[in-house]
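Shown next, in structure tokens, is the structure this report addresses.
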Amino acid sequence: MQTRTLGYLGPGVSAIGLGCMGMSDLYGPADRAESLATIHAALDAGVTLLDTGDYYGMGHNELLIREALAGRPRDQVMISVKFGSLRDPSGAWLGSDGRPAAVKTYLAYTLRRLGTDYVDVYRPGRVDPTVPIEDTVGAIVEMIQAGHVRHVGLSEAGADTLRRAHGVHPVADLQIEYSLLSRGVEARILPVCRELGIGITAYGVLGRGLLGGHWTKERAAAKGDIRGFHPRYAGENLDRNLALVEALRAAAAGVGLTPAQAAIAWVLSRDELIVPLVGARRRDRLAEALGALDAQLGPDALAAIDAAVPAGEVAGERYPARLLADLDSERDSSSGGTGL
Ligand SMILES: NC(=O)c1ccc[n+]([C@@H]2O[C@H](COP(=O)([O-])OP(=O)(O)OC[C@H]3O[C@@H](n4cnc5c(N)ncnc54)[C@H](OP(=O)(O)O)[C@@H]3O)[C@@H](O)[C@H]2O)c1
């Protein structure tokens, strides 16, 4: 397994991480046995980074990871946990809570659910606009000092917030959407990460499935699948975006890759600071995704992939309007305004 470091200082992780969200939430029904088998297959292939959030299935995802890791040495896997997103029993999103007391409380529950005494990277899933980021990060630092957390992370934070947080304590990685379809990070956020030595764990590398090449116009989103409400999966936007996927399929085939592999390889090629998270929830999809690591793409091949899905050509925003408004990364013109 190829490795990268999270930021200039590490820790070292596999060059691709496994995002476990869809095994518990948001993408419709998941097969529990297949989810566990997928996590095991990832670990056996050398993947060392598992990403979760305490609000993915309201603890379900953490309990699933606990079960998957049973009997395996704790120090051979890095667990990245997001906290702070508020949800009601129906799953509706109610904002964020980044108060220090909330941070410590979330962590206490997470440690119990995961059956471990430390989390490797701990991060607010969203920046709480009512709490100074210094206070939220300060609480994580206290938890580092107490031995319950190893590294500070952030998620969907803008460039200014990154600087403020990094001033309190080095940030290991920023988790943020980055793909051929969503390139907003390139304008201000990626340069700040390079300057400060902050790693990026990129999510949505497959555009939540669109770039995987298995989504079709006829595929209706199942109950509980947020893609049914997603602007990029709706009506004419979907037609236009599927046309981009076909162009990607052709460019990928030219270098012996699937669209998913080309999309992952493209993100890997953008900077050594970037570790793509793939949201595979089946072993076959995982094997396909890890195949991206074998791609030997020269500048011409990368340019062809880039040209197949040109910056700014995607139709639709990367989140529904109400959820987009929650993103600190979109608030301070960090995004540059195109290709989101
Ligand atoms: N920080 C944040 O705000 C945030 C937000 C979202 C996600 N995340 C994290 O990032 C992880 C990845 O995000 P994501 O799941 O939205 O992104 P993704 O990897 O872009 O999309 C995953 C979906 O792509 C489809 N797919 C098609 N071919 C695939 C292949 N070869 N390998 C993997 N998936 C393939 C699968 O859909 P089907 O299974 O339906 O075929 C899968 O559910 C999440 O699990 C989560 O841990 C973080």
Nearest 20 debye, what's the magnitude of the dipole of the chain about its Cα centre given +1 on Lys and Arg Cβ and -1 on Asp and Glu Cβ? 480 debye
Where both residues lie in region 9-156, what percent of DSSP beta bridges are antiparallel, nearest 5? 10 percent
Between the DSSP loop rule and a limit of at most 12 other Cβ atoms within 10 Å, which trypsin sites (Lys or Arg not before Pro) in region 1-92 are left? none
Residue 321 versus residue 160, label points 7 Å from Cα toward the beta carbon: distance in nm? 2.4 nm
Amide H proximity to residue 225 below 5 Å, modelled H, separation 5+ or other chain, gives 28
Stretched out fully, how many nm does the piece from residue 145 to residue 40 gain, at 0.36 nm a residue minus the Cα gap? 34.7 nm
Taking amide H positions as placed in the peptide plane 1.01 Å from N, state which residues far from residue 149 in sequence (5 or more) or on other chains have amide H under 5 Å from it. 119, 144
Karplus-derived 3J(HN,Hα), 6.51/-1.76/1.60, for each residue of region 15-27, Hz, glycine and proline x: 5, 10, x, 9, x, 9, 3, x, 7, 10, 6, 6, 10
Computed E for residue 221/residue 108 - FRET, C-beta separation, R0 45 angstrom, nearest 0.05: 0.80
Using the Karplus curve 6.51 cos²θ - 1.76 cosθ + 1.60 with θ = phi - 60°, work out ³J(HN,Hα) for each residue of region 54-61 in order, rounded to whole Hz, and write x for Gly and Pro. 5, 8, 7, x, 6, x, 4, 5
With the 8 Å Cα cutoff and a minimum separation of six or more residues, region 21-71 has a relative contact order in percent of 42 percent
Cβ under 12 Å from residue 22's Cβ, residue 22 left aside: what net charge do those residues give with Lys, Arg +1 and Asp, Glu -1? 0
Suppose every K and R has +1 on its Cβ and every D and E has -1 on its Cβ; what is the size of the dipole of region 1-125 about the Cα centre, in Debye to the nearest 20? 300 debye
Which whole-Hz ³J(HN,Hα) couplings does region 256-269 yield from phi under the Karplus relation 6.51 cos²θ - 1.76 cosθ + 1.60, θ = phi - 60°, glycine and proline marked x? x, 10, 8, x, 4, 5, 5, 5, 6, 4, 4, 5, 4, 7
Antiparallel %, DSSP beta bridges [both residues in the chain], to 5: 20 percent
5 Å is the cut-off here: which amide hydrogens, built 1.01 Å from N in the peptide plane, fall below it relative to residue 95, excluding neighbours closer than 5 in sequence? 86
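Each reported figure results from applying straightforward, stated rules to the coordinates on display, with no laboratory input. This is a predicted model, so every value here is computed, not measured. Positions of Cβ are backbone-derived with ideal geometry, glycine not excepted, and every protein chain shown enters the neighbour counts.
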